Structures are given as structure tokens and as C-alpha cells.
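The structure follows.
The values are calculated or read from the model by the stated rules, or taken from the named source; none is laboratory data. Predicted model only: the values in this text are computed from it and were never measured. In this analysis, Cβ positions are derived from the backbone assuming ideal geometry, glycine residues included, and neighbour counts consider all displayed protein chains. Heavy atoms of the whole protein, side chains included, go into the accessibility calculation; ligands, DNA and RNA do not. Shrake-Rupley method; radii C 1.70, N 1.55, O 1.52, S 1.80 Å.
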Amino acid sequence: MSDSNNDIKMVEAPDGISGAGFFATSFEKVIGLARKHSLWPLPFATSCCGIEYMATMGSNYDISRFGSERPSFSPRQADILMVMGTIAKKMGPVVKQVYEQMAEPRWVIAVGACASSGGIFDTYSVLQGIDRVVPVDVYVPGCPPRPEQILDGLMRVQDLAANESLRRRNSPEYQALLASYNIK
Amino acid sequence: MELTNENVLGKIIEKFGEENVWDALNPDGIMTITTNRETILPLIQYLYDDEELQIRFLTTMCGIHYPDQKDKELCTMYQLHSFRHNYRIRIKVYFPIADPVMPTLTNLYATANWMEREAYDFYGIIFTGHPNLVRILNIEDMEYHPMLKQYPLEDQTREDKINTFFGR
Amino acid sequence: MEPLTNRSKKLEKKEMTFAERAYLPAIAQGLGITLKHFFKKKATIQYPEQTRQRSDVWRGLHVLKRDEEGRERCTACGLCAVACPAEAITMVAGERKAGEEHLYREEKYAVTYEVNMLRCIFCGLCEEACPKAAIFLQDDKIAPARYERDEFIYGKDRLVEPLKTTETK
Amino acid sequence: MESLFFFLASLTLLCALMVVISKNPVHSVIFLIITFFTISGHYILLNAQFLAAVNIIVYAGAIMVLFLFVIMFLNQGKDSSAEVKTSTLSKIAGAVAGGLLFVVMIAALKDATVATYDPESFNSQIGMVENLGMVLFRDYLLPFELASVLFLTAMVGAVMLGKKETGETHF
Amino acid sequence: MESVDLIYKAIYILVIFGITLLIATYSTYFERKIAAFIQDRVGPNRAGPLGLLQPLADAGKLFFKEDFIPAKSNKALFIIGPGIAMLVATMSSAVIPFGDSLIIGGHEIFLQAIEVNIGVLYVFGVVSLGVYGLMIGGWASNNKFSLLGAIRAASQNISYELAMGLSLIAILMMTGTLSLREIAEQQQGFNWNIWYQPLGFIIFLVCAFAETNRTPFDLPESEAELIGGYHTEYGSMKLGMYLFAEYINIFVASAVMATLYFGAYNFPFMENLRSAISDPVLANNVVTLVGVGVMFAKIFLFIFFFMWVRWTLPRFRYDQLMKLGWQILIPLAILNIMLTGGGILLKEYLF
Amino acid sequence: MATENKTVELDKLEEFRNNLDLKLHNKEDQNLTTLNLGPTHPATHGIFQNILQMDGEKIVDAVPTIGYIHRAFEKIAERRPFYQITPLTDRMNYCSSPINNMGYHMTVEKLLGITVPKRAQYIRVIMMELARISDHLICNSILGVDSGAFTGFLYVMQEREHIYDIYEEVCGARLTTNMGRIGGMERDLSPKALHLIGEFLKRFPKVWAEFEKMFNRNRIFIDRTTDVGAISAERALSYGFTGPNLRAAGVDYDVRVMNPYSSYEDFEFEIPVGTKGDTYDRFMVRNEEVWQSLKIIEQAYKNLPEGSYHADAPHYYLPPKQEVYRSMEALIYHFKIVMGEIDAPVGEVYHSVEGGNGELGFYLLSDGGRTPYRLHFRRPCFIYYQAYTEMIKGGQLADAILTLSSLNVIAGELDA
């Protein structure tokens, strides 16, 4: 759904009353399901957590079971930005740029203590959590998290994706969220 | 020749004189000598060239900050290694923070390039003759040299910690 | 350079034989290996339906232990907070009042005890520092992923071990 | 059939014109490719399927790829949107040259007659590979072989030119 | 041509088109499954039973992903690129004989969308156009990685087309025809061309890998070097079309290889089967249908081989790839032509 | 001082990046293109940027930028008691954290004058060699991934999981192990851990042989790596190379042999050396080192001495928990150690271990306080990564990527 119908203000019909509404909701559900099972990650691995992501990709955990084994190093093709590892202040703008380059719908997982909050690196050079530069949907604690936890995080995003309304990305709340991060 | 601290020190003093090399210590089995800015380059060059010593590997190099030592606030430490004799030596140079200038080693050791940039980045030590003395790890327009003791470690924007509690 | 030690072992490099130059044997061998794996038993553990065995000393989610009588062990000495390299633990100590002996084992107890799970690096130093065997990193639980930052401040409500049912009656 | 021919012919002319007109060299190449396609269409209309296929394989499939390749290579560092400045004089010169060419073509074609085909002697298989082969290797064997020698020479020349660069070649 | 035939043909074309798309879609699934199995994993298994809905989920997601056109790109060409790739890929399956003729109600229907007597050339020509999709897309993205990918794609395809064409010539010399149907018919029973042209087949196989940009020749999109190569800037369904085109190309390449070298729809003892059934119409239809099955089995085997190789081998470097193409494969192909020519002459001389 | 406002700072950063781009664009030659390899390029496993100037596919020049995950280890170390620095060392070379942990512990032990019992030393050797294996596993299999063969990587990753199982049994974590304590190990090897090590020794050789079969004699791979990113022994020494990268160039320098620590003198092993210092040599040296490490583990495992797993150093090594609950003296020591109140002696120490990537040195300067006065890490990655520019010049883009992965640059260690 591109931004073609951005300007048109639509009044949402109550779901399930009219046929179209019913159609729209079930359609939304189908697309949600599709998205849920096809979340292509952009592994933004900077340090230790990246190594655990390798383990998640590996045979023992196998992220492909969730349909997410195609790592898209190009942000255009990715659905989730998995920020794994310390993000130094020098790196902050890069994260933001990558996020900006991603196409909607996009989700962000902050994997590990460093990406979520800076972890033990409460220092002058480390960004204290990537939620200072991009909006984060799911936080995964751990330093580094076990692959199980990374998969947990992925499943949380799956839940988000499955239940997300198709219009959410055009909603004023979402625009406001992006604006608060200075993302056009 | 088996290298021992004594005969290496003897050779060095013979070459450079007592006035340029002093404070020979042995804190951990590695001889530590102190020298001055003028002697450091010739000294390292001599250690490299001398056929007996063959100290030809720069193991590491770093800056140290002593805020309380008047006119000797900054120090650079060079640690060299002779693979042939498996002999290590540590050389220190102290100088005032008001005049943080050191000669560069890059002409002798290629590896000194980044080490010196790191020392510059952390302590603001200026290595004259360095081909590209810019910050290496931090952002280029950072306004201070973070490893100097007076600057805080913590990120000043962090909000979720109560500093007073067990504050370090 | 002549060898520095007598232990060096020069890796000899064989020239490629004609067969090797023709690519095919190595390719066939590689294909053989991969095909062998095609029919091998799969190594995957299908999390979340199956979970992998963790060792008994695994450093997972924290828990504040109670003693045999169901009293909290923590005495709010603060060692864990000091030992924490990530500065993730915050606690406020309080005096035990009369009549609370069945709740707290020591005379001092932690009024609030918070672990910031996003900061925590699960290094286990707090567990090691605790002189009262109060805080433990469990091996059977791991910190789950969540949506909001606030949900990661684990207060006492989530840290303290629930009372065993046999003791509540 | 006739309408198809006119459609193809006009498309050919239009695309050929666009090749000359477009500012972006990549667009030119793409229009040229379309031109080749329409010409292949003409071949098919003439029942020369082999020629059509070869035209596509050789020209559209190989030569134009090379063209595009070279243009992309040359273009990469630079801003492609930069306008090419042409002086008035060169415009006039171009118009004159083009006009002359046009005149020559009219002069050449004005007496040409459109050949009609004779259903009696028409052979629908004339454009097929077998017939083409027969013609090439029987009637025109010498020219064919000479042409191949020419190609060989050209190839050797190209290799020599490529080798001239000192050091290893790459891209 | 009668109208009934036309209708049958139309239905057939639709069916083939559908099958092509279906196979391409499920190729993605099988690729993931095969990769997983080779790597001791289980692969996608959460979207539907055994993960069978995985390709649909991917398609659904790609369709509803934001359609992104980079600001600095050449908009028109950026859109045309994947279109060409897809169009060309689907076009090429038109001349493949998937089976012999079926006789339905007295009409004999050949299981081939269009019969042209230059079928081989048609396939060859169409395949040679496939590179435009990649080139135009890569160029229009205005991204250096894409451009490098496009350039690599172009030079690789041109180089390997030559060797491919030369290896084809040997088989054309043998069969004496350009029609795929005739080539297929000549390989009656177990009389497959592979027994006469093993070298040619290997050359053709290598070139097919190169033409479809599969490992070890996946330089145009090599992930480790060029991120995604020509499709770095593509997202949503336009990316989907590129991926799709790649899988269709694999399908077509497999089909062509099966037709040229592995006897197409022919299978051993087909005459025995034909004579075992008394009713000639029924016999013909049964043999044809079995033949179709055999053809698809061969195609699937080749597709599996493509994937198997992809998950086994490292890729070439650019100059090595060129070297392999120009200095090894082309001379080999020429040698093969000479050998074939010699063989044909010898055969004529002896018999 | 650090700026207070985060947005201002980030804006500044963006400006910085733009400036960087500008600088490069100015450098742009007519026929050269600049290509930005990193900081998020898939082949830069970790974060560092290389701006390449390319002539077609050939690399003419490269400008490396590092510091994208600079975390100020050395500064943190000045503010933390000795025992809290171990978690930092975990995160330096995260592919082989136990080596870092134990290297640091040995440094502090040297400063404090603690002798560690033989058993603890042998356990350390086992752990360090396991770590080396896992480090080399990642490096060599990633080299495979970057050359396009993904499968070998996943085969050996399964084996790495088994190494992680052993870690888990020994210390309770998989990657950032925080293994061992100043004065020995945290706990003795449990029977299960010993069993796992035995299993590993039995199973791993087969897996590794299979991996070698897939790559070592495969012409595609040999062609891709031979003469790629070669560096001569002299240049390598001048650039401060150590470890496998130096050994690939033909210098048999190994800290384990030159300055044995933790009882390495007890073990029989060889130092594999290459000849040309190219990518293939580095690959082969690492391959062979894995075999040597296996040999060492086997010896240590067979001859594991009885005894205590930690030194008898009540001032520095935490007393057993049971005693803390019971005895007052132990409790006092416990408090003092945890609070970091036990002052270290004044002095300076340099200790180095053979890390996954070379000589991993710790220069520790103590002024007698509760924290190190200065702790400098000699990070092999940082030291040799600067040679990368020289190594890739004149090669192709694909070569640059393979060279990078064969150098095994670990961003955490690079930037510290």
C-alpha cells in the first residue's frame, strides 16, 4: 500500500457490519499473516550479539523456520531492522539512515543490552539505547541474548505484524512518532 | 649474545649517556627506562639497527596521564620486543601537558601510525611528522580528549540511573 | 626469516593436480558431502515448542530467594549493586518493623529492589557478591523480549520468588 | 497483415527517431533495441524467421548489451543529467546534412517500384534455415568465407588492441 | 487452424503459464527447504503445514510493502527493469515441448505452446534478452553497487552466451534441425543426446548456471560483495519480480537441458508401454501423459541440482569467471564441434 | 565536556558524515569511482568503513575509518575495581572471550603475585584452546561465506554450539563468558563438563576434516584465495602483525611458545607457518592451528592434574559461599573483595597471551588504588587492520572482501 491515498480522509466503517468492512478486516488479517511469516531481517550486527545472531541463523536454532532466513543487507528489502550490538554515537546517524531507507512497514528490534540501553557501556562514546535515534518496537534483553531470546523477539514482532492494521502506517499517530525522531 | 637487562642498559647508556636515559626499573621482568623527547627516536632506531639487539618489533604504545605530576603530566610508553632474543623493553617519555608534542615513529614502524593516532585521540599528544594525525576512534570534531583524567566516563545524557546511590 | 623456535611447521602447498585443475573432483566431493547431510538427522531444536537443555549454572533471569520459612533473604547490604558492572541494580533499604519477622529474615530489608533488565549483562557478579544467598540467576528462565522500555525495570513484585503453596496455608 | 506492417514500420521510424533525439544515451540505446525488435518483426512478416532470430540474438542480445555496457561504464562517475550544449552553427550544419541525406533518399527511391509477388513461384520456405544454408554455402561460398576471414582479422585486431594496455586487464 | 484447436492451444498456453508461475513460486520454497536440509536444518515450517504457504506469505508481504522508488533513480527505467526481466523469463517457456501429442476428441494437440522451426534460436534469443532487465534495473537504481552488479551481469551473460551457443551448435549438427520438437522426437526411448554429447552437455550446464546467475556464477548479486547487486535498491514486488524471474529462468534452463540432452518427454521402454495398451488413442494419450510426468521429473531434478550446487560451491571471482568462459569453455566448445563434425563424417563414411 | 543535548550532537554527527562524503567526492578522479564499503556492508562482519577508490573492479586506493563501535574500554577500566573488568574483556574479542578473560586474570595475578595451581592452569588451557578453536571456526567459515559457500559455515557452527555447551557448563554463559576469576577458576570442571569435552574431542576432528575437504583442495576456492591480499614478512612485522596472520607470512612467532604462560610449556604442539602471507595461507594456518589446539586440549584433558581449581589467595579470591554464611572472617573478606577495598600493590605489568588473532597484551599500571590507574589493551586487530589498505591495493573488490574476512578483524577488539 503505497502512499497514494494519503490525502484521502476515509471514514472507517464499523468492522463486520457491511460486507466491505468484513472483507477489509479479513483481508487485513490475511496480509497480517503473510507479513508475519515473511519478516526479512536486516541484521545490523555490530558486535557480540551479531555472533549470537549467527547462532540463531545456524542449524541448531534455525531462524528460517519463521520464514526469516533471507538476510536482506539492503534496507529496501528488509522488514525488520535487527540492531545487534553496541551503537556508538559515531554510528547513530548510520542507524537512522538505514532506518530511513527501509520501506514501510518496518519494525525495529533492539537486540541485547547495548542496543537497548547501552548496557555496561555507560560511556561518552556510546549511544544509550537506539531508541534515541529510531523508534524501537521490541527490546530483547541479555548480553548477548540467547538465540532463544532473539527468536522470542522475532515472535513478538510477528505478533505485531499479524495484528497491525494496514492503515497504521498512514495514521497521524505514526507520523507524529516519526516526526518526533526527525524522520521524514 | 643472551640479552639481559644489565647488558642492554649498559649498551644504551654507553650510546646515549646517563643524562638521556634514567630511571631504569624492572617492575615485571621487563626493563623500563625513561628518556626524553630528543632521544626517543634515535634510541628506538638504535635498538632496531643494532645487530646484537635486534629489537625490531613495536609491541604496543600508549599514553598515560598523571594530572598530579607537575610538568610531567603526560607520558608515552613504548614497548618493544626482540623476536630473535625474546627480549622486551619498555621506554617511557614524560612531558608537560602544556606542550604535548612527541616525534613520530611512523617512519620506522608502520604500525605506529594508528597507535599514535589513538594516543592523540585519547590524550591530545601531538606527534610531529605524523602523516595523518586525526582522531581515529572518536568523532572528528569532538572537543576534548576523553582519556584525560579530568573528564567523566559516563554519558551525560543517561537518565535511568540514580548516581547518588552507590555512585562511583 | 629463519625460524624463531624449533616448533615451527611449514605448511607444504601441493600444486594442483590436473584433476584438481579441472574443478570436477572437488565439486563432486563437495556435492557428495552436502548430499550426505541432506539425509542426515537435523540438528534443529524447534524453539518455542522444544527448548534446549540449559546447564544448571546458566545465568538467566534474576530471582530474589526466600528462605525455608518463606521470608525474604535479602538484607539490602548493597553488595550486588556495587558489584554490578552495568549499574543496573537500584535498591532502597528499610528497617524491619515489629511483626514483620515472618516476611523478612534480617533486620534490614530491601524496600525497593529494581533490576534494569535492559542494562543487565547477566554476568553473575551480583549472585557471587551476595552474602545472604538472596539473589540468584535462574537457569530455567530467561528474560523475555517485550515492547516497552518500562517493562524491563523488574521490581520486587517480579523478582521475589513466589511463596510456595505449602507455606501459604 | 498490412496494418501490422504499417504499425511496425511507424514504430520503427519513431524509435529510430527517438534514438537520435533522446538526450540520455541509455535511453537512446534502449530505443535502438526496440528498433531492432521491430525490424525483426519485419523479417518475420517477410517469412524470414531465421534472420529475425539471428537479428535479435546478435544485435539486440549481444551487440546492444555491449553498447549499454560501455555507456554505463563511461557514465558512471558523472552526472548524466548534464545538458549537452550545442551551438547554433552545429545545429544548422546538422539540419543541412540531414536535409541533404533526405534529398538523396528521395532521389534514390522516387523511381523505385514496389515488387509484387508471384503466387506461382512463391516459396514459403525461402527464408528458412535450410534454404539460407543452401544459398550461402553453394552460391555464395567464396564471399562467405572471405567475410569470415575478415571477421577473424577483426577479432585478432581487437585482441591486440586489448592487449596493448600495460599491466593486467580488468573490468 | 480450426477454432477448436485454437481454444485448446489457448487453454494450453494458460496452463503452461500457470505451471511456470507455480513452479517458480514453489522453487523459492524448495530452495529454502533444500538449503535447510543440506545444512542440517528444517527450513520454513511455520507458515501453513510444513511451511507450504511460505511462498504465498512472501508474495503477500511483497505486494503490500511500500513501493519505493529511490529519489535519484531513473524512474521509468527503474520500473521497466523488473518488468523486462519477468516478461522475458516467462516468454521463453513457449517453445518447450512438455509432451508429445494428446488426442482428444479426434483432435491431436501437441503439448507445446508454439511450434516454430527455429525453437532453439528462439530460446537462445529470448534468454539473451534477459540480461536487459538486470542491466536496466541496475543502472536505473543510481547506486554504485547496483551498477557494478549490472556491469557484471552484462559481461558475464555475453561471455557465456558464446560458449553456450557453440555447445548448442554441436547438438544442432547432430540433429540437423533447429526445432525443439524434432530434437525431442529424435531422442526416442533411451536414445538421448547426452550419450553422444557429454562434453557439450557439461559446457551447456556451466553456461546455464552462468546465464541464470546462480552460484558459482552469482556475481551480479553476490551478497558478500555487492549486497544485492543489481537489485540492491529494489524492494516490494519489483524485487519479487526479479527473484521470480530468476526462478523462472532456472525452470526454463532445466527444461531446455532436459529437452536437448535428456530426451525431453521420452523415457525408456515407452514403445513397450505403447504396445501394451490395445487402444491406440488411449495408448498414445497414456504414453504422452507419462512422458509429461517424465519431463517434469527431469526438470525437477535439474532444479534440485541447481540448488544443490548453490549450497555447495563458493563463487568465482570476476576475472576467473571471464577466464573460464573465454579461455576454457569456448575452446572446449569448439573442440566439441570439431569432434562432433568428425564423428558425423566418420559415421557417414562407415555406414 | 560532553554535550548535554543529544539532538545537537547527533546533528553534528550527520554533518561529520556529510563532510566525509564531500571529502571523498573531491578526491574523485575522472575515471575512478568511490565505493563505500561499510559501515554496514555485509562483508564487514562488524563495523568499520572502507572507502574504496575503484577503477572498474580494481581497487586503487582505500581509506579506512574505524571507531564505529568505540566503547571506551580503557576509560571504563580506570573506574572499575579489578574484578569488574572481566566482563569488559569478554566483549573485546567476543569470538574468543575466555582467552581475553584469562589473559586479563593472569595480568592481575602477575601484579598481585598470585601463583595459580596447576589444575586451574590446565583448565584455563583447555578453555583458551576451545576459544581459539571457536575463533578460528568463525573466521575460516566466514571466509567460506564471503566466497559464496554458505553451507560449510553452518556445519561448523553446529560444532561451535558444542563449544558453547562446554562454556555454559563451566561458567553459565555462551558468548560473553566472564569465565574464571582472579586467582583461578570460578568453579571446578563438573563431570558433565568433562564429559562434554571428551565428546567434543571425539566428534570434532571428523567435522573439521569434512570442512577441510569442502575447501582445501577446491580449485574455485584456491583460485579465489591464492595471492590475494598477500603481505611479506617484513611488512607484516612493521605493521605489528602477530598471531595467525603473521605466521601465514612465515614468521613462527607464538606467545605460547616464546613466553609460555599457564603451563603451555607442558604441551607438545607445533606452530604452523605459511609462506606467502596470502589469504590461502592464512586460511591454512588457521586450519592447522585448530588441529594443534585439539592436540593441546587432548593433552590437557588427559593429564588434568588433581588439586584446587583456584589459588589460595583470601585477599583476592572470594571465599566459598558456605563459609561466607558461616564464618565472620570469610564474610569480612567477602565484603572487602566485593567492595573493591583491597588495594592492589603499586606497579606496572605487561602480560600477553596468544589471542585468537595474535598477541593480546594487557599493560596494567596500578597506583595502589582499588582500580587500575591505566589499563591499556594491546588489541591485535587494531594493530594490524591498518595494513588492510596496503594489502588490498591493486586487487579486486572480491579480493578485498576475502582479505578482510581472512584477517579476522573483530570490530569489538578493533575499536575497544
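State whether one or more residues within region F:343-351 are part of a helix (DSSP H, G or I) and more than 10 Å from chain C (Cβ to nearest Cβ). Step through it out loud before you land on a result.
Residues of region F:343-351 that are part of a helix (DSSP H, G or I), as a first pass: none.
Within region F:343-351, not a single residue is part of a helix (DSSP H, G or I) and more than 10 Å from chain C (Cβ to nearest Cβ).
Which of (1) surrounded by fewer than 17 Cβ atoms within 10 Å (Cβ to Cβ); (2) at the interface with chain F (Cβ under 10 Å from one of its Cβ atoms); (3) modelled with pLDDT under 85 does B:I162 not meet, given it meets every other one?
Of (1) surrounded by fewer than 17 Cβ atoms within 10 Å (Cβ to Cβ); (2) at the interface with chain F (Cβ under 10 Å from one of its Cβ atoms); (3) modelled with pLDDT under 85, only one is false for B:I162: (2).
For (1) within 11 Å of another protein chain (Cβ to nearest Cβ); (2) over 30 Å from A:M155 (Cα atoms); (3) in a loop (DSSP other than H, G, I, E, B), each residue gets a yes or a no:
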| position | (1), (2), (3) |
| --- | --- |
| E:F17 | no, yes, no |
| E:L22 | no, no, no |
| E:T28 | yes, no, no |
| E:E31 | yes, no, no |
| E:V42 | yes, no, yes |
| E:N45 | yes, no, yes |
| E:L56 | yes, no, no |
| E:L62 | yes, no, no |
| E:L77 | yes, yes, no |
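Let me ask something else about it. Taking the condition of being under 33 Å from the mean Cα position of the chain (by Cα), in a loop (DSSP other than H, G, I, E, B) and among the hydrophobic types (A, V, I, L, M, F, W, C), how many residues in region C:86-101 meet it?
Qualifying residue count for the region: 2.
Next up: Of these, F:L154, F:L175, F:L246, F:L237, which one is open to solvent by 10 Å² or more (accessible area, probe 1.4 Å) and in the same structural domain as F:S96 (by TED's automatic domain parsing)? So that I can check it myself, show each step before the final result.
On the way: F:L154 fails: open to solvent by 10 Å² or more (accessible area, probe 1.4 Å); F:L175 fails: open to solvent by 10 Å² or more (accessible area, probe 1.4 Å); F:L246 fails: open to solvent by 10 Å² or more (accessible area, probe 1.4 Å).
Exactly one residue qualifies, and that residue is F:L237.
If you go through region C:47-68 one residue at a time, do you hit one that is surrounded by 19 or more Cβ atoms within 10 Å (Cβ to Cβ), within 15 Å of the chain's Cα centre (by Cα) and free of Cβ contacts under 8 Å to residues at least 60 places away in the same chain?
no
Do you know which of the residues in region D:1-44 that are open to solvent by 20 Å² or more (accessible area, probe 1.4 Å) and in contact (Cβ under 8 Å) with a residue 40 or more places away in the chain is farthest from the chain's Cα centre (by Cα)?
D:M1
Separate question: For the condition in contact with a Phe, Trp or Tyr (Cβ under 7 Å, 6 or more places away or on another chain) and under 26 Å from E:G342 (Cα atoms), what is the one hit in E:I194, E:I202, E:I171? It would help to see each step written out before you state the result.
Details: E:I202 fails: in contact with a Phe, Trp or Tyr (Cβ under 7 Å, 6 or more places away or on another chain); E:I171 fails: in contact with a Phe, Trp or Tyr (Cβ under 7 Å, 6 or more places away or on another chain).
Criteria check complete, one pass: E:I194.
If you don't mind, there's one more thing I want to ask. Please pick out the residue among F:I296, F:I231, F:I222 that is aliphatic (A, V, I, L, M), assigned by TED's automatic domain parsing to the domain that holds F:V145 and more than 24 Å from F:V409 (Cβ to Cβ).
Working: F:I231 fails: more than 24 Å from F:V409 (Cβ to Cβ); F:I222 fails: more than 24 Å from F:V409 (Cβ to Cβ).
The conditions single out F:I296.
May I pose another question? Based on this model, can you work out whether E:F145 counts as crowded, with 24+ Cβ neighbours inside 10 Å, over 30 Å from E:Y234 (Cα atoms) and aromatic (F, W, Y)? Give the derivation first.
Working: crowded, with 24+ Cβ neighbours inside 10 Å: yes; over 30 Å from E:Y234 (Cα atoms): no; aromatic (F, W, Y): yes.
It is false that E:F145 is crowded, with 24+ Cβ neighbours inside 10 Å, over 30 Å from E:Y234 (Cα atoms) and aromatic (F, W, Y).
To continue, here is another question. For region E:241-258, state whether one or more residues are aromatic (F, W, Y), farther than 30 Å from A:F44 by Cα and away from chain A (no Cβ under 14 Å).
Kept after step one, since they are aromatic (F, W, Y), are these residues of region E:241-258: E:242, E:244, E:247, E:251.
Add one more test, that the residue is farther than 30 Å from A:F44 by Cα, and what stays is E:251.
Pick out the ones that are also away from chain A (no Cβ under 14 Å) and you get E:251.
Checked region E:241-258: at least one residue is aromatic (F, W, Y), farther than 30 Å from A:F44 by Cα and away from chain A (no Cβ under 14 Å).
Mind checking whether some residue in region A:132-148 is surrounded by fewer than 24 Cβ atoms within 10 Å (Cβ to Cβ) and over 17 Å from the mean Cα position of the chain (by Cα)?
yes
Which residues, taken from region F:367-407, are outside any helix (DSSP H, G or I), open to solvent by less than 10 Å² (accessible area, probe 1.4 Å) and more than 8 Å from chain B (Cβ to nearest Cβ)?
Of the residues in region F:367-407, the ones outside any helix (DSSP H, G or I) are F:367-379, F:386-387, F:393-396.
Subset that is open to solvent by less than 10 Å² (accessible area, probe 1.4 Å): F:372, F:374-379, F:387.
Hits for region F:367-407 are F:P372, F:L375, F:F377, F:R379.
Filter region F:80-104 down to the residues that are within 14 Å of the chain's Cα centre (by Cα), assigned to a helix (DSSP H, G or I) and among the aliphatic types (A, V, I, L, M), then identify the one that is modelled with the lowest pLDDT.
The extreme case among them is F:L88.
How many of the residues in region F:283-322 are of a type in the set (D, E, K, R) and touching a helix residue (DSSP H, G or I) at 6+ places or on another chain (Cβ under 7 Å)?
Count: 4.
What number of residues within region E:1-40 are of a type outside the set (A, V, I, L, M, F, W, C) and modelled with pLDDT under 85? Don't jump to the end; show me each part of the working.
Taking region E:1-40 and keeping what is of a type outside the set (A, V, I, L, M, F, W, C), we get E:2-3, E:5, E:8-9, E:12, E:18, E:20, E:25-29, E:31-33, E:39-40.
Within this subset, residues satisfying the condition of being modelled with pLDDT under 85 are E:2-3, E:5, E:8-9, E:12.
Number satisfying all stated conditions: 6.
Here's something else I'd like to know. Can you pull out the residues in region E:101-135 that are among the hydrophobic types (A, V, I, L, M, F, W, C) and not in a helix (DSSP H, G or I)?
Start the filter on region E:101-135 by keeping residues that are among the hydrophobic types (A, V, I, L, M, F, W, C), which leaves E:102-104, E:109-111, E:113-114, E:116, E:118, E:120-121, E:123-124, E:126-127, E:129, E:131, E:134-135.
Within region E:101-135, E:L102, E:I103, E:I104, E:I109, E:F110, E:L111, E:A113, E:I114, E:V116, E:I118 qualify.
Any residue that is within 14 Å of chain E (Cβ to nearest Cβ) and within 16 Å of F:I297 (Cα to Cα) - is there at least one of those in region F:168-183?
Step one: filter region F:168-183 for residues within 14 Å of chain E (Cβ to nearest Cβ), giving none.
Within region F:168-183 (the criterion being within 14 Å of chain E (Cβ to nearest Cβ) and within 16 Å of F:I297 (Cα to Cα)), the answer is no, since none of the residues qualifies.
Here's another thing I want to ask about it. Which residues, taken from region A:40-75, are within 13 Å of the chain's Cα centre (by Cα) and not in a loop (DSSP other than H, G, I, E, B)?
A:P41, A:L42, A:P43, A:F44, A:P75
Within region F:251-282, can you find the residues that are in contact with a helix residue (DSSP H, G or I) (Cβ under 6 Å, 6 or more places away or on another chain), in a helix (DSSP H, G or I) and more than 9 Å from chain C (Cβ to nearest Cβ)?
Within region F:251-282, F:R256, F:Y264, F:T279, F:R282 meet the criteria.
Shifting gears a bit: Residues C:G124, C:G94: which one is open to solvent by less than 60 Å² (accessible area, probe 1.4 Å) and more than 8 Å from every other protein chain (Cβ to nearest Cβ)? Walk me through it before giving the result.
Values: C:G124 fails: more than 8 Å from every other protein chain (Cβ to nearest Cβ).
After applying the criteria, what remains is C:G94.
Give me a count of the residues in region F:55-79 that are in a strand (DSSP E or B) and either at the interface with another protein chain (Cβ under 7 Å from one of its Cβ atoms) or surrounded by fewer than 22 Cβ atoms within 10 Å (Cβ to Cβ) (or both). Spell out the reasoning first.
Of the residues in region F:55-79, the ones in a strand (DSSP E or B) are F:55, F:58-65.
Among the residues that remain, those that are also either at the interface with another protein chain (Cβ under 7 Å from one of its Cβ atoms) or surrounded by fewer than 22 Cβ atoms within 10 Å (Cβ to Cβ) (or both) are: F:55, F:58, F:60-65.
Residues in region F:55-79 being in a strand (DSSP E or B) and either at the interface with another protein chain (Cβ under 7 Å from one of its Cβ atoms) or surrounded by fewer than 22 Cβ atoms within 10 Å (Cβ to Cβ) (or both): 8 in total.
Right, next: Please enumerate the residues belonging to region A:74-90 that are open to solvent by 10 Å² or more (accessible area, probe 1.4 Å), in contact with a strand residue (DSSP E or B) (Cβ under 7 Å, 6 or more places away or on another chain) and within 8 Å of chain E (Cβ to nearest Cβ).
none
OK, next. Go through (1) open to solvent by 10 Å² or more (accessible area, probe 1.4 Å); (2) within 14 Å of another protein chain (Cβ to nearest Cβ) for E:P268 and report which single condition fails.
Result: E:P268 fails condition (2) only.
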